[in-house]
Structure formats: C-alpha cells, structure tokens
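Only one structure is covered here, and it is reproduced in the block below.
The values are calculated or read from the model by the stated rules, or taken from the named source; none is laboratory data. Please read all numbers here as calculations on a predicted model, not as lab measurements. Cβ: placed from backbone, ideal geometry, glycine included. Neighbour counts: every protein chain shown. Note: accessible area is taken over every heavy atom of the protein model, side chains too, but ligands, DNA and RNA are not part of it. Shrake-Rupley method; radii C 1.70, N 1.55, O 1.52, S 1.80 Å.
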Amino acid sequence: YIEILLVGAVIIGSISILFMLICHLLQENIPNVLPLKDGKEFSFDYVIVGAGTAGSTLASLLTKYSNGSVLLIEAGGSFGYLSRIPLLTTFQQKGINDWSFLSVPQQHSSRGLIERRQCLPRGKGLGGSANLNYMLHFDGHGPDFDSWRELHNLSDWSWEHMRPFMLAAKSADLFEIPRSYSMLSQALDEAESEFASKPWKFRRSLYNIKNGLRHSVLQQYLQPVLNSVNLRLLPQALVKRIQLAAKPTLAATSVLLGVKNEDNKEMELKIKVRRELLLCAGAYQTPQLLLASGIGHSSELAKLQLPLQHHLPLVGHGLHDHFNLPLFVSIGIIGPTLNQRTLLNPLNLFNYLSSGTGAFGNFGVIGHVAGHQDPLPFGITFFGAGAIDESALMSISNFKRDAFRALFPRYHNASQEGLVVISSCLQPKSRGTVTLMHKSMRRNPLIDPNYLSNEQDVACTKTAIRNAVRLVTSAAFAKLQPRIHWPKLQECANFGPFERDFVTNQPSDLYLECLMRHIGLGSHHPGGSCALGSVVDSKLRLHGVSNVRIVDASVLPRPLSGNPNTAIAAIAMRAASWILKDELRNSLSI
C-alpha cells in the first residue's frame with residue numbers, strides 16, 4: 001500500500017512540478033504594460049502607486065466602474081507560482097519579491113537579534129505583501145473602528161461605517177482549519193468549553209486559500225481586470241517624486257518614475273495626473289515617498305536639503321505594529337504537528353496534490369484566542385510546528401544563534417513534535433517613526449518601530465503569556481503531554497528560569513520582561529505612519545492637497561486587533577466608493 005502511494009506521489013509530483021514551471025513562465029508575462037518611449041509624456045486620470053492589497057483592490061474597482069483611465073505602478077514584477085503554495089511562504093522572505101527592510105537598532109527590545117535590528121519583510125510585486133504574508137483572514141473587531149471615532153474625532157469612521165465593506169472584502173473562498181485537523185485543533189476546541197467563564201474569543205484559523213493555493217487580492221481583484229482597455233500597468237518602476245503645483249489649490253500634477261533598462265541604467269519618466277493620485281505603497285514607503293517629495297516637516301526636510309513643497313509635520317510619525325513573544329512547547333505524542341516526518345509522509349503529499357488538503361495546504365497556524373474585553377487586550381496564536389529549521393528561521397528573524405537555540409532548544413531534532421505559542425498585545429501603545437537617511441527613493445528608509453517603549457505593552461504582553469500558559473497547561477491540552485521550554489538566556493539568568501519554573505510554569509515578571517526584550521519579534525503589521533486625522537482627512541485626502549489620497553495601512557490611527565489585510569482591502573473599497581461618487585458628481589455638474 002505504501003509503495004503504491006509512493007509511486008503515485010512521485011508521478012503526481014512530477015506532473016505538478018511541470019505545471020508549476022509552466023505557470024511560473026506564464027505569470028512573468030504581465031499584460032497591458034504601458035509601452036515606454038524616450039521623451040514621451042503620459043497622462044492618466046487615476047495614478048495608483050503600489051500594487052499591494054489596497055492598490056490591487058482600487059485598481060480593480062476603478063477599472064470596472066470608472067469612466068477614466070487607470071495606471072497601476074509597481075516597483076516589483078510578478079510573484080512566481082511557488083508563492084501560492086502555503087507551506088513555502090517563509091522561503092519567499094529575503095528573496096526577490098521582498099523589500100527585506102531592517103529596522104534601526106531597537107532601544108527597548110531586540111537584544112537577542114543581530115545589531116538589535118528586526119527583519120521587516122514587505123512584498124515587492126503584483127499583490128504586494130498579500131502575496132508574502134501568512135494568508136490569515138480576520139473578520140475585524142468592531143470596537144477598534146469605534147475607537148477611531150471616539151478617540152480621534154473621526155465621525156466618518158466606526159464599525160457601522162466599515163462593517164459593509166469588511167463583509168464585501170471577505171473572500172467567499174476562505175479555508176478554515178477544521179476541528180478534526182489535528183489533536184491540537186481538537187484541544188483548542190475543548191479549551192473553549194473549559195474556559196467558557198472567560199470572555200475570550202476562540203477561533204480556528206481562516207486562510208485566504210482556495211483549493212490548497214494562496215488566493216490573495218491578486219487573484220480576487222486584480223487578475224480579472226488585467227486586460228481591460230482603461231487599465232495600464234507599469235511594473236519594475238519606482239516612483240521617485242510627486243510634483244505639486246497650485247492650480248488654484250495645491251494639487252499633484254505629476255509623478256517622476258525611475259525605470260531601469262537591461263543595462264541597469266535608469267530612465268526617468270514623467271506621468272501626469274489628471275484627476276487623482278492614490279498612494280498605496282504601504283506604511284513604510286508611502287511616508288518615504290512623501291518625505292522624498294518634500295512633503296513633511298520643514299525642519300526634517302531641510303536637514304536633507306530637500307526643497308519643501310508642503311509642510312505636513314506628522315508624516316512618518318505614529319508608526320505602530322504588534323509585537324510577539326514566541327514560546328516553544330514540545331508535546332509527547334506523535335502526529336499532530338509539522339516536522340520532517342509529516343512533510344516526508346507520502347500520504348500528505350498525495351492529499352495536497354490531489355485535493356489541496358493536509359499539511360501542505362495551509363501555513364500551520366491552527367487557531368487564535370483573543371481577550372478583547374481584558375483591561376489589557378491580548379492575543380494568543382497557536383502555530384503547529386514541532387521542528388524549527390535553524391538556518392531558515394534565523395535568516396528571516398535575524399536572531400543571534402545563542403538566542404535562537406535558547407528559544408528552540410530542540411532545533412536539531414527534525415522529527416520533534418510540538419507547537420509555538422505566540423503571545424501579543426492587541427492594542428500596543430508604543431509608537432515609532434519612518435524617516436529618511438537619504439533623499440533617494442532607491443535607498444531604504446529609516447524604520448524605527450520603537451517596540452516596548454511604552455511600559456503598558458510590557459504589562460499587556462505578560463498578561464498574554466500567563467494566559468497562554470493557562471491554556472497550554474489546561475485539561476484540554478493534557479492529552480498532548482505539553483512541556484513549555486522556558487528559554488535559558490544568559491542575559492536573563494538572574495531572573496530565571498529556575499527549576500521550579502519548569503514545574504509551576506509561573507516564572508517571575510522580571511524574567512518574562514527580560515524574555516520579551518531579548519527574543520520578542522514584530523508581527524509585520526505596520527500602520528499609522530500617515531494616520532487619519534493627522535496626515536489625511538476623514539476621506540483619506542492628504543491635508544492641504546486636493547487630489548492626493550493615501551489608501552493603505554499607513555492611515556490606521558490605531559492598531560487593529562488581528563491581521564490587517566482584509567481591513568486594508570475594505571478601506572480601499574470605501575475609498576473607491578468616494579472616488580466614484582466624486583467622479584459622478586463632477587460629470588453631472590459639467
């Protein structure tokens with residue numbers, strides 16, 4: 001029986017590899033690319049900068065429903081077919097489709113990372129970070145949006161306003177981890193009953209996966225309109241500057257692009273903006289582009305000898321991100337988690353190639369628990385991975401070797417069964433910045449997430465860790481025979497872990513704080529660097545500039561209590577509705 005499965009898996013695998021190669025070649029051929037000619041000027045009604053979640057969604061809706069021409073500019077090209085296989089997600093990081101940013105050295109965290117710098121992956125290519133992320137969907141938490149209205153005086157923003165767009169942005173093809181998926185998913189389900197007295201929300205993971213393949217905004221929104229007559233794409237093009245002019249009010253008139261030829265020489269090109277310029281470059285590169293264009297705080301721009309076009313002091317300020325503390329938990333039974341045994345099992349390969357199911361058909365994140373009503377709202381994520389590949393994870397996390405091995409003491413055992421429980425603060429208070437080191441857009445911005453600079457985030461993360469321990473040591477998890485591996489860091493040795501900590505699983509607060517300041521990692525959910533109220537108005541228009549909108553995560557005034565991808569698509573849908581209404585109003589007034 002096993003021999004038959006092996007032969008079948010090899011045959012199907014060979015066909016699959018051939019299919020992947022063909023699809024990869026086909027995906028490289030991006031249709032409707034704007035033909036460039038030396039000296040020729042182009043003009044479009046709508047110019048969209050960045051083809052990520054927001055840019056792809058906007059381009060799709062404006063192409064379908066607008067009477068105007070649309071240009072979608074993207075600094076990258078296309079993602080290869082392998083990017084659609086869920087389990088290969090981490091292998092894309094540090095590759096050609098990742099901007100591979102690093103934070104500046106962190107003052108309050110990251111002591112176990114090389115140079116105290118966090119890796120900050122961002123997608124580069126059609127689909128953006130939606131083609132690089134872990135594909136997790138989050139329905140949204142109503143009070144998050146209500147707080148924008150109440151705490152930031154944004155009367156046009158609330159759950160009532162956003163709920164219809166969140167529902168519209170939710171894919172009809174989501175894959176949910178079934179209860180029967182593994183003993184870990186069953187344990188989480190039983191824990192919900194055991195902790196019924198707690199106001200915690202349990203949910204099994206929902207993925208943007210269809211038939212075992214990543215199904216991002218690229219497949220949902222952009223691909224269906226790629227051949228439309230009113231849409232043009234310009235891949236491998238970097239927007240270097242926005243030009244403003246008074247006409248009679250201050251407005252964007254054009255953008256300057258840099259496109260490299262086969263000899264790696266840059267050709268500059270100007271694109272005129274007839275109606276609106278829509279910035280969708282993300283929480284790091286949207287503020288970078290504004291600052292490089294002379295739009296920001298006048299004194300900061302003067303230091304770089306950048307001519308001021310528009311004084312807007314808070315561009316690049318207010319950056320926020322979730323911050324995670326991972327803990328490895330080994331388990332004493334065989335079969336429920338990702339390791340070498342699972343990945344080499346021919347039945348798993350057969351299930352994936354034949355039906356898109358099994359271990360290869362998701363990323364291994366099994367479920368989540370959220371304490372939204374807690375005074376310090378927390379989140380806990382369960383990642384069903386027993387064997388952690390040292391070279392791969394060290395590369396994408398920037399861990400020092402000693403810190404990595406303290407966190408994952410069984411790194412050498414490729415057949416280890418276990419899970420990683422990830423604790424985080426859902427509403428972190430720490431705020432950072434995006435600034436410039438150099439005036440050129442071809443140089444990376446200075447990104448300072450400033451993790452754990454607010455002491456409340458430390459207290460909140462401690463709460464998350466202790467609740468994660470309650471779950472892992474509960475009766476519901478007992479059949480997994482879990483053992484929490486409290487990291488033995490030399491820098492934290494004065495605080496723990498002591499022998500009793502491995503028995504009681506109640507180490508001191510000082511030890512937990514030491515852990516998070518050494519081995520905590522960012523969640524790659526950046527936002528807030530061009531926030532609603534401070535940089536854009538309630539319709540996402542840049543303050544003082546009549547025809548520029550920012551439509552990406554940089555506008556989020558506060559963090560969302562989960563993965564932000566669906567919310568960004570929903571915000572883009574709302575922005576498209578305003579743009580189309582303005583277009584209709586203007587056409588009727590002519």
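Annotations for the structure displayed:
- In segment 105-164, the residues that are on the phi > 0 side of the Ramachandran plot and open to solvent by 70 Å² or more (accessible area, probe 1.4 Å): GLU115, ARG116, ASN153
- Being closer than 29 Å to ARG431 by Cβ and part of a loop (DSSP other than H, G, I, E, B) is a condition met by no residue of segment 53-72.
- Qualifying residue in segment 123-134 (condition: more than 30 Å from ARG541 (Cα to Cα) and either assigned to a helix (DSSP H, G or I) or charged (D, E, K, R) (or both)): no
- Only one entry in LEU120, LEU126 is aliphatic (A, V, I, L, M) and closer than 29 Å to ILE519 by Cα, namely LEU120.
- The residue of segment 374-389 that is surrounded by the most Cβ atoms within 10 Å (Cβ to Cβ), among those that are in contact with a helix residue (DSSP H, G or I) (Cβ under 6 Å, 6 or more places away or on another chain) and assigned to a strand (DSSP E or B), is PHE378.
- Flag if ARG549 is closer than 27 Å to THR381 by Cα and surrounded by 20 or more Cβ atoms within 10 Å (Cβ to Cβ): no
- Of all residues in segment 277-298 being open to solvent by 20 Å² or more (accessible area, probe 1.4 Å) and either farther than 19 Å from ILE568 by Cα or modelled with pLDDT under 95 (or both), the one that is farthest from the chain's Cα centre (by Cα): SER298
- Evaluating SER185 against the criteria (1) in contact (Cβ under 8 Å) with a residue 24 or more places away in the chain; (2) in a loop (DSSP other than H, G, I, E, B); (3) of a type in the set (S, T, N, Q) leaves one unmet condition, (2).
- Residue count for segment 227-241, restricted to those that are under 19 Å from SER129 (Cα atoms) and either part of a loop (DSSP other than H, G, I, E, B) or at pLDDT below 95 (or both): 2
- Checking each residue in segment 50-90 for being over 17 Å from the mean Cα position of the chain (by Cα), among the aliphatic types (A, V, I, L, M) and under 13 Å from ALA572 (Cβ atoms) picks out LEU58, ALA59, LEU61, LEU62, LEU72.
- In the set (1) of a type in the set (Ser, Thr, Tyr); (2) farther than 27 Å from ILE295 by Cβ; (3) in contact (Cβ under 8 Å) with a residue 60 or more places away in the chain, the condition left unmet by TYR511 is number (3).
Yes/no per residue for (1) of a type outside the set (Val, Ile, Thr); (2) touching a strand residue (DSSP E or B) at 6+ places or on another chain (Cβ under 6 Å); (3) in contact (Cβ under 8 Å) with a residue 40 or more places away in the chain; (4) closer than 22 Å to GLU491 by Cβ:
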residue: GLY371; (1), (2), (3), (4): yes, yes, yes, no
residue: GLY384; (1), (2), (3), (4): yes, yes, yes, no
residue: ALA392; (1), (2), (3), (4): yes, no, yes, no
residue: SER395; (1), (2), (3), (4): yes, no, yes, no
residue: LEU407; (1), (2), (3), (4): yes, no, yes, yes
residue: ARG410; (1), (2), (3), (4): yes, no, yes, yes
residue: SER415; (1), (2), (3), (4): yes, no, yes, no
residue: GLY418; (1), (2), (3), (4): yes, yes, yes, no
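- Matching residues, segment 503-541, being crowded, with 24+ Cβ neighbours inside 10 Å and of a type in the set (S, T, N, Q): SER529
- Number of the condition not met by VAL225 [criteria: (1) closer than 15 Å to TYR46 by Cα; (2) surrounded by fewer than 20 Cβ atoms within 10 Å (Cβ to Cβ)]: (1)
- Test: residue in segment 450-464 that is of a type in the set (Asp, Glu), more than 21 Å from LEU327 (Cβ to Cβ), outside any strand (DSSP E or B) and open to solvent by 30 Å² or more (accessible area, probe 1.4 Å): yes
- Enumeration of residues in segment 196-212 that are buried (at least 17 other Cβ atoms within 10 Å of the Cβ) and either in a strand (DSSP E or B) or without any contact (Cβ under 8 Å) to a residue 24 or more places away in the chain (or both): PHE202, ARG204, LEU206, TYR207, ILE209, LYS210
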